[in-house]
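Trainee: What follows is a single structure, and I will ask about it in a moment.
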Amino acid sequence: MRLKLEVDARELQKNLKKLGKVPQKHVTAAAKKGMNIVLKDAKSNAPYDTGQLKKGMILQGEKSRYKGKKVYRVVFDPAMNDVFQKKVKNPGESGSPNAKDTAYYPASMEYGYFARNGRYIPGYRFIHNSLQNNAEKMERTIITTMKQKIDAEIRKAGLK
């Protein structure tokens with residue numbers, strides 16, 4: 001499977017050279033389609049209490065100075081901060097000198113937290129695991145989508 005992916009990637013590079021420049025709209029569409037796989041998996045593996053964590057996960061595009069580059073991240077909707085951010089009743093009770101007076105629920109669920117008795121409660125790592133488990137599927141989707149879009153551009157320009 002990995003060999004097929006490498007062959008497709010080489011063919012994509014060859015077609016990109018033929019086309020000359022990379023249309024940004026195709027890069028954006030392919031990157032988003034690939035990251036949607038990770039987002040769906042992260043939502044399905046998120047801990048479920050009220051469903052707010054699952055509902056609050058979104059994709060956020062990174063702004064880049066370079067043409068032909070697009071990066072998406074799975075983040076939590078800032079509009080839902082009133083749901084996710086809560087005041088800690090007794091900051092520092094766990095014994096940490098750097099204890100904050102607010103807690104961010106999504107970060108606690110992903111990375112873990114220290115309980116009041118000082119014991120560390122590990123996180124679920126649902127976003128990290130989704131990215132790790134779907135890396136090859138995401139790559140394949142991005143390459144396939146880009147290949148299709150670039151082939152269509154080449155046909156449209158009459159370069160083949």
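Trainee: Under a 10 Å cutoff between Cα atoms, tell me which one of Asn15, Asn36, Asn90 has the largest fluctuation in the Gaussian network model of the chain.
Mentor: Between Asn15, Asn36, Asn90, it is Asn90 that shows the largest mean-square fluctuation.
Trainee: Among Leu16, Thr144, Val83, which residue has its Cα positioned farthest towards the positive end of the charge dipole of the range 2-157, with +1 placed on the Cβ of Lys and Arg, -1 on the Cβ of Asp and Glu, and the dipole taken about the Cα centre?
Mentor: Leu16
Trainee: Still on this structure, please answer the following. Hey, any idea what Rg/Rh is for the range 1-88, computing Rh the Kirkwood way over Cα pairs? If you can, show how the numbers build up before the last one.
Mentor: Working: Rg = 17.7 Å, Rh = 15.7 Å.
Over the Cα atoms of the range 1-88, Rg/Rh equals 1.13.
Trainee: Taking the chain as a Gaussian network, where each spring joins two C-alpha atoms under 10 Å apart, which residue of Lys87, Lys32, Lys43 fluctuates the most?
Mentor: Lys87
Trainee: In whole Å, how far is the Cα centre of the range 21-62 from that of the range 126-147?
Mentor: 11 Å
Trainee: Could you tell me which of the pairs Lys14/Lys137; Lys55/Lys100; Lys25/Lys55; Lys40/Lys63; Lys32/Lys70; Lys55/Lys137 are separated by over 19 angstrom between their Cα atoms in the structure shown? List each step's numbers first, then the result.
Mentor: Details: Lys14/Lys137 22 Å; Lys55/Lys100 26 Å; Lys25/Lys55 27 Å; Lys40/Lys63 23 Å; Lys32/Lys70 9 Å; Lys55/Lys137 24 Å.
Check vs 19 Å cut-off fails for Lys14/Lys137; Lys55/Lys100; Lys25/Lys55; Lys40/Lys63; Lys55/Lys137.
Trainee: What list of ³J(HN,Hα) couplings, whole Hz, do you get for the range 46-51 from phi and the Karplus terms 6.51, -1.76, 1.60, once you set θ to phi - 60° and write x for glycine and proline?
Mentor: Each residue of the range 46-51 in turn: 5, x, 10, 10, 10, x Hz.
Trainee: Using the Kirkwood formula over every pair of different C-alpha atoms, what hydrodynamic radius in Å results for the range 2-157? Show your work: numbers first, answer last.
Mentor: Working: mean 1/r = 0.0550 Å⁻¹.
One over the average 1/r among Cα pairs gives 18.2 Å for the range 2-157.
No value in this document is a laboratory result; all are computed from the given coordinates. The structure displayed is predicted, hence computed values, not measured ones. Here the Cβ is made from the backbone with ideal geometry for all residues, glycine too, and neighbour counts use every protein chain on show.
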